[in-house]
Amino acid sequence: MTKLGIITGIAMEAKLLERFVSPSLMVDYAGLDPSAAHRAAEKMIAAGATALLSFGLAGGLNPAVGAGAVVIPAEIRGQRKLSCDLAWTKRLASLMKETPSLLAHAPHVLSTAAMKAAVFAVTGAPAADMESYGIAETAAVHGLPFAALRVVADTAADTVPSIALKSVDNAGRLRVGKAAWGALTHPWQIPELVRLGGRTATAMSKLEALARLGAGGLFGLM
């Protein structure tokens, strides 16, 4: 029996898919710890997943790519290049009316334009995330098909303010007290925080639409 395991980075991404959970579709989030993607993928496989999909937000690297842009990679570029399942990626891209591209691995949040530019120069990828590479590695070890579907939130020019990083726990949940304290002690970061919030809302709205479009057909897996 085909069983798709979908892994997101944070809880709010996974929540978009909860209503689509079925005997053929499982959902979990990895959290923001660098090694969490491997653990989440192993957990999915132990639960019976026969294919793995990385789903969620990404950070833009290409200055021409805006918030809400969809990235369906044929290849993940990190320490080495990891190929996604070609046939599945083509079906997924066709379903979403997109063209397969590239995705870069970020071992940590790329919080400045300079950090993003450096990764773009090396990889040529339009966007980066922290989870897909680890999930792809684990899928390859087990001989399972892997694909990724990501939507750009912060763009190549955006700074991710420190108060945003410190206000989110490893599950991606907002710690309201820390956020309020951060705004009080770093008021100059508030415009960047508001901008990031708007970009994230745009990306999450797109992700929700893609979840509705793809879940019924297991995101083109079959």
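The values are calculated or read from the model by the stated rules, or taken from the named source; none is laboratory data. Not measured: the values here are computed from a predicted model. For neighbour counting, all protein chains shown are included, and Cβ atoms are generated from backbone atoms with ideal geometry for every residue, glycine included.
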For segment 205-216, what are the residues that are at pLDDT 95 or above and surrounded by fewer than 19 Cβ atoms within 10 Å (Cβ to Cβ)? SER205, LYS206, GLU208, ALA209, ARG212, LEU213
Given (1) modelled with pLDDT of 95 or more; (2) of a type in the set (A, V, I, L, M, F, W, C); (3) part of a helix (DSSP H, G or I); (4) farther than 25 Å from HIS38 by Cβ, index of the condition ALA156 fails: (3)
Could you check segment 21-30 and list, in sequence order, the residues that are under 21 Å from ALA140 (Cα atoms) and either part of a helix (DSSP H, G or I) or small (Gly, Ala, Ser) (or both)? SER24, ALA30
Tabulated pairs, segment 94-106, first over 24 Å from VAL122 (Cβ atoms) and modelled with pLDDT of 95 or more, second assigned to a strand (DSSP E or B) and not small (Gly, Ala, Ser), C-beta under 7 angstrom, 6+ apart or interchain: MET96/VAL70
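Can you tell me which residue in segment 7-64 is modelled with the highest pLDDT, limited to those that are of a type in the set (Ser, Thr, Tyr) and closer than 16 Å to ALA106 by Cα?
Restricting to residues being of a type in the set (Ser, Thr, Tyr) and closer than 16 Å to ALA106 by Cα, the top hit is SER54.
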If you go through segment 41-63 one residue at a time, how many are outside any loop (DSSP other than H, G, I, E, B) and touching a strand residue (DSSP E or B) at 6+ places or on another chain (Cβ under 8 Å)? 14
Step by step: first the residues of segment 9-24, then only those that are touching a Phe, Trp or Tyr at 6+ places or on another chain (Cβ under 9 Å) and more than 12 Å from ALA211 (Cα to Cα), then the one that is surrounded by the fewest Cβ atoms within 10 Å (Cβ to Cβ). Which residue is that? ALA11
